[in-house]
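Heads up: the structure comes next, in structure tokens.
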Amino acid sequence: MIRKRKQFRTRLCGALAAGAAVCLSLFAGPAIRGYAADADKVYEVRVVATNDMHARAESSKSSYGFGRIKTIADEARDAADLALLLDAGDFYHGQAFATLTEGENIAKLAAAAGYDAVCVGNHDWSYGKERLRTLAELTAKENQSGGVALLGGNVKKSDGQPFFAQQYLVKEIPAEGETVKVGVFGVIDPQLYTKTTPSNVEGLVFEDMAGYVKQAVADLQAQGCGLIIGMAHCNAPAQLAQSVSGVDLWIAGHEHVSLEEQVADQAGKRVYVLEAGYYGAQVNVAQMRFTYEKGESGKYEVQGLTITPSARKEDRIAQTASDSAVDALYQSLADAQEGILSETVGQTPVKLEATWEAVRIGETTMGRLVTEAYLKESGADVALENAGGIRTGRDIEAGEVTKRDAVDTFPYGNYLVTKELTGAQLKELLEICIEIGKKNQAANAAGDYDGWPQESGSYLQVGGVQVSFDPDKDAGDRITRLEIGGQPVDGAKKYTVATNNYAAESGDYPMLAEAEEKNQYTACDEIFIRYLQQTEPEVLKKALQAARMVEQKAGGDTPVEPSAPKRTTLKKLTAKKNGFQAVWKKVSSATGYELQYATDKNFSKGSTKILRISKKTTVKKTVKGLKGNKKYYVRVRICQDVSGVHSHSKWSAAKTVKTLKG
């Protein structure tokens, strides 16, 4: 059974009253030199913030996209003395739309949307360090108002010099002859140095974040900044905020959570730490209001600062207009690629399971396809693909596979390499994989994203080996059968292992990282496409249906791959205001269900949505937020998870329901 991650975790901490607007009062700030200001005026800065967009550029039902983000930013600019549009990283990479131009399309759209600054994230290095620096230059050229600053000040070259040309963003507010300055900096977590292909950051150092923040605060205060905003792409951003002082607001990214947390910084001042989920499904807005008056020193300074954060979540996407100019630019860029991306590159006889959760908790058909392709390309004995390397994030239904499918699955430009491991090392590696898989399965069952281990993406899809294991045995001693080509693996013999260049250097598998690289091959997406084009359908179908890693508990019979579960039936559909309720027949063998609805009877891709119901005892689902007075086609199917193998029944017969007008 696959539990879908929560869209993102919401965390409200500190002295927050439920449902109330909360203001954080901060009464001390660094002095700003200048002339007399209007002491009666209340100034306002609004910070509009996103993070972990992963190149989700298009406005859609589930993402604000750059068009709607510009609308929100424009509203902020109209209402405040100064508005900033910021992103906390993982911005330029992640979709075929971005990958085909190595991020240039995202740079153009970011400028059109009016972004002021982006903090570098670990996935932003995926095109290589020099390309990332070029993207910063491209964005500056596209934006006539001064460009989008790419900030990551703690990234240094081997000689200790900053890697990025721009260290800070400083904006000014005229104040009756005075100038109020607002400074922005960005940092990336050193722990994320290994979360990109090593060559992408070769020769660079990610310095300690807290040390750099102290330097950045001192530099910005010396420049006369009365407000300082920090952006951080990191683990545990609240802990970073607690370890430093002088920052008035933190904008965070990387953890894919919805976060609105107050913490006491090192000086005891209460500060907000905000994060806006991922994929553009949420946009945060922080309202910063203050006066500018003479302090005890006789100099003018920010006083009475209050910060009121708010989150525009997914349920408000449809209510937000999308900027027509940004939408037109997106469409022109997308149209230029459409011929390439929509090209059919192959056929799959079965559905390719490739959701984020599925590839982390067990063997999938997508994992089998990828590793079979690696084996054929390299002639290796064993093929491995880390779950984090399969980025599709969705299933690909049986039938046509497009160029877009291939690029979305392998957006990083990784290539295939081979190394050699002894049989004993291979067994040790697979034991680590099984342990990671058990942790992932436990997190999945709990249904909480926070429970997923940091190394969840290091779970391996495997090919070329046949493994039986007992999950109830002690870690390191779970494998009961390990064969290659039907023969037991020899602990002393060396075997050739094929994997992508990122996984080959994984710190979670030191025996693989330390092994000498033997050969390099072409890009993973090209190998994937070539295998689809060169493999007969029946051969491919057989390969995709054969399990490689099977649970076999003590005393059990020889494992047999489970047959597909029988289907269920829709018992009742009831129309609701802007939605409907579906009730179906319970099946005892089910570990979950999937409900699909669409606006056309063929359930074509553009009109359909699938909801996953992870509780086997649930037999009804209410769907809300649809168009009123509209006809929908609805069907349901059973999910089954047996011995690490995921399967589905056939869909039930579809029924129709016409929603009521809300």
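Could you say which residue among 395, 405 is more than 17 Å from residue 467 (Cβ to Cβ) and open to solvent by less than 10 Å² (accessible area, probe 1.4 Å)? Steps first, answer last, please.
Working: 395 fails: open to solvent by less than 10 Å² (accessible area, probe 1.4 Å).
Exactly one residue qualifies, and that residue is 405.
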Just one listed residue, out of 43, 92, 64, is within 20 Å of the chain's Cα centre (by Cα) and within 28 Å of residue 307 (Cβ to Cβ), and it is 64
Restricting the range 610-640 to residues that are of a type in the set (Ser, Thr, Tyr), part of a strand (DSSP E or B) and more than 29 Å from the chain's Cα centre (by Cα), which is surrounded by the fewest Cβ atoms within 10 Å (Cβ to Cβ)?
633
Result of the Cβ filter at 7 Å on the range 484-509, keeping first residues that are of a type in the set (D, E, K, R) and partners that are open to solvent by 50 Å² or more (accessible area, probe 1.4 Å) and at pLDDT below 95, at least 6 apart or interchain, is 505/198
Just need a number here: residues in the range 236-286 that are open to solvent by 30 Å² or more (accessible area, probe 1.4 Å) and in contact with a His (Cβ under 8 Å, 6 or more places away or on another chain).
2
Taking the criterion of being touching a residue at least 40 places away in the same chain (Cβ under 8 Å), part of a loop (DSSP other than H, G, I, E, B) and open to solvent by 20 Å² or more (accessible area, probe 1.4 Å), would at least one residue in the range 359-374 satisfy it?
no
Among residues of the range 259-274, those that are more than 11 Å from residue 309 (Cβ to Cβ) and not hydrophobic (A, V, I, L, M, F, W, C), counted
5
Counting just the residues of the range 218-235 that are assigned to a helix (DSSP H, G or I) and within 14 Å of residue 153 (Cβ to Cβ), which one comes out least open to solvent (accessible area, probe 1.4 Å)?
220
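Touching a strand residue (DSSP E or B) at 6+ places or on another chain (Cβ under 8 Å), surrounded by fewer than 20 Cβ atoms within 10 Å (Cβ to Cβ) and part of a loop (DSSP other than H, G, I, E, B), is that true of residue 306? Reasoning before the result, please.
On the way: touching a strand residue (DSSP E or B) at 6+ places or on another chain (Cβ under 8 Å): yes; surrounded by fewer than 20 Cβ atoms within 10 Å (Cβ to Cβ): yes; part of a loop (DSSP other than H, G, I, E, B): no.
No: the conditions fail for residue 306.
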Name every residue in the range 335-349 that is part of a helix (DSSP H, G or I), out of contact with any helix residue (DSSP H, G or I) (no Cβ under 6 Å at 6 or more places or on another chain) and either open to solvent by less than 50 Å² (accessible area, probe 1.4 Å) or small (Gly, Ala, Ser) (or both), in order of residue number.
336, 337, 339
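Out of 438, 494, report the one residue that is of a type in the set (Lys, Arg), surrounded by fewer than 18 Cβ atoms within 10 Å (Cβ to Cβ) and either more than 30 Å from residue 519 (Cβ to Cβ) or touching a helix residue (DSSP H, G or I) at 6+ places or on another chain (Cβ under 6 Å) (or both).
Values: 494 fails: either more than 30 Å from residue 519 (Cβ to Cβ) or touching a helix residue (DSSP H, G or I) at 6+ places or on another chain (Cβ under 6 Å) (or both).
It is 438.
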So residue 279 clears everything in (1) modelled with pLDDT under 95; (2) in contact with a strand residue (DSSP E or B) (Cβ under 6 Å, 6 or more places away or on another chain) except one condition, right? Which one?
(2)
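The values are calculated or read from the model by the stated rules, or taken from the named source; none is laboratory data. Source: prediction; values computed, not measured. Glycine also receives a Cβ, built like all others from the backbone with ideal geometry; neighbour counts cover every protein chain displayed. Accessible surface areas use protein heavy atoms only, side chains included; no ligands, DNA or RNA. Shrake-Rupley method; radii C 1.70, N 1.55, O 1.52, S 1.80 Å.
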